[in-house]
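Accompanying notes for the structure given below.
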């Protein structure tokens, strides 16, 4: 039996760059870090990224749900796990049993956690979620002075932290500065740093663009993976994921020949067309079709022509001097994912998290257990 062939499409994950970006988050914020690793660590490989960051003395991993928390815990990672969204009834027993940290958005949720924790003979550490403008979860600030005593009276939970979320830190500076002020006032009214061990508000944009002194914990996501959501900070970050494929076929097409479905591109001259082994089935967006999108082969940018198909794309390789088997960068150090996102009419978050399991993740340097 021959050795397995190399992958047709793969994502190279630079773990040293990940560590570098974490160091930048710490330097800028002056706070402890909750590394946000939801959605498969933004497509970079959940267990692998968690194992890497577990050795970097972070305070928490931020996950979207119990399924992600379970995968990290089952991978042997012992860093505390924080559930970024509300839980529902059937999930809470596992949260208590595993001692994960939920954020609370309702009295019903808190009471149920308290009952389960009391029955389990423990006191579950929880954080208070405050809705300062996101509208997705948390207690509305006006009810908090009356709610907190009721929460503190529950014997099975301990309110150790308080947090909120920034909906517009990368778009509305005025609203965001007001939100920081409101959050600081709320925390102060409820007891401040003497009352809460953990106080957190900032995502990547909040961390990079605002004064984080009201907090002692930040929640970077996108910037850990090398992309700044704000202009002016990109040069401090290092790219983590490079999406790659290979040239699988090179053909000469005459003038007047259609390329791909719908014949949205027709050659105007004799054209060298290279086929590349990646498509929207791998997470390379179909919306990049006919948008002036480029790829990088041998240091040269070549235009994508015709529609992106499920498994393949085509590029104009006329006079490019490339060969079958050559490596192709779809995005990475030479062509940033946010440039691709702008052409696709979306955001970098969506492209990164949309890279499918069919794409092999290759992490380097090799991960060691912590």
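No value in this document is a laboratory result; all are computed from the given coordinates. Since the model is a prediction, treat every value here as computed from it, not as a measurement. Positions of Cβ are backbone-derived with ideal geometry, glycine not excepted, and every protein chain shown enters the neighbour counts.
Key figures for this structure:
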| item | result |
| --- | --- |
| Stokes-Einstein D in µm²/s, Kirkwood radius over Cα pairs - the stretch 96-249 at 4 °C with 1.567 mPa s viscosity | 75 |
| Of 214, 231, 285, the one that fluctuates the most in a GNM where the chain has Cα springs shorter than 10 Å | 231 |
| Relative contact order (percent, whole number), the stretch 171-247, Cα cutoff 8 Å, 6+ residue spacing | 21 |
| For the stretch 61-154: rounded, prolate or oblate by the Cα gyration tensor [a/c cutoff 1.5] | oblate |
| Relative exposure of 247, 295, judged by other C-beta atoms within 10 Å (fewest first) | 247, 295 |
| Dimensions (Å) - the stretch 241-364, Cα atoms, principal axes, largest first | 40, 28, 22 |
| Rg/Rh for the chain, where both radii come from Cα atoms and Rh is the Kirkwood radius | 1.06 |
| Helix-only CD estimate at 222 nm, as mean residue ellipticity for the chain, using -39500 (n - 2.57) per DSSP H run (n ≥ 4) | -8000 deg cm²/dmol |
| Measure of compaction for the stretch 1-118 (Cα Rg per 2.2 N^0.38 Å) | 1.27 |
| Projected area averaged over orientations for the stretch 173-242, convex hull of C-alpha atoms, nm² | 5.2 |
| Fraction in percent of alpha-carbon pairs per bin - 10 Å, the stretch 305-370 | 14, 40, 34, 10, 2 |
| Which of 293, 272, 174 has the fewest Cβ neighbours within 10 Å, and the rest in rising order | 174, 272, 293 |
| Distance from the stretch 182-234 to the stretch 102-154 (C-alpha centre basis), Å | 21 |
| Neighbour-count order for 168, 5, fewest beta carbons within 10 angstrom listed first | 5, 168 |
